[in-house]
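Peer 1: Here you go, one structure.
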């Protein structure tokens, strides 16, 4: 499943202020899809030059995209807590 | 495994052990089962693992300007597997450049050796790795203790 939403949350401990940003990634994919289709011939040429199997390249990139789901990165120090989640 | 579980239940039904003791024994049995490479169904442990967790806990040696830092990272195993496949796609010429650059940095690592099978083996053996780093703080606030824990779940 491709990630649909990204969440960035920052909490400042000193100022007791926090914000949470929900990024609708599905809109990004909708924008990138036509670009990806247009870039496909370029990718095929690059694969031919580099002697790579284009299907394998596409499958690998698709695998990376779909496996981003459920990634969680959290950094907490004295000043702030930063949380990045991909849902 | 099922044999041990049955023995515990038999002891419980015979009144040789209490329900509390049986619960503790079953929990211990489950723990020992989960730490082995394969489970009851014979599924490799690596196949069941969903995430790689990296926890970093640093106290910064009492530095009043920085304070403790905690890092909590959860990376899906599928992302690691996809990354390994991506490493396999690097053209040989580029791979040689990367290997040379790594060697220059003092990391004698061959990218061509990264294979999905190696990753599964690594996950199998990565039960609970804990690294304690004790270093003197660069700001002169005493020693800095950093604990890095890497495990799969």
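Peer 1: Taking the number of other C-beta atoms within 10 Å as the exposure measure, put B:147, A:71 in order starting with the fewest.
Peer 2: With the fewest neighbours first, B:147, A:71 line up as B:147, A:71.
Peer 1: Just counting partner chain Cβ atoms within 10 Å, what average do the residues of peptide A:74-81 show around their Cβ?
Peer 2: 5
Peer 1: Among B:152, A:47, what is the fewest-to-most ranking by other Cβ atoms within 10 Å?
Peer 2: Going from sparsest to densest Cβ surroundings: A:47, B:152.
Peer 1: By count of other Cβ within 10 Å, fewest leading, how are A:19, B:151 ordered?
Peer 2: Ranking A:19, B:151 by Cβ neighbours within 10 Å, fewest first, gives A:19, B:151.
Peer 1: Oh, and also: Counting residues in the protein assembly as shown as N, plug N into 2.2 N^0.38 Å and put the Cα Rg over that result.
Peer 2: 1.36
Peer 1: Post the alpha-carbon centroid distance, the range A:14-87 to the range B:12-26, in whole angstrom.
Peer 2: Answer, in whole Å: 51.
Peer 1: Within 10 Å of each Cβ in B:83-96, how many Cβ atoms from other chains are there, averaged over the peptide?
Peer 2: Mean partner-chain Cβ count within 10 Å for B:83-96: 3.
None of the figures in this text is laboratory data; all of them are computed from the coordinates on show. Note that the structure is predicted; figures quoted are calculated from it, not measured. Virtual Cβ from ideal backbone geometry, glycine too; neighbours counted across all protein chains shown.
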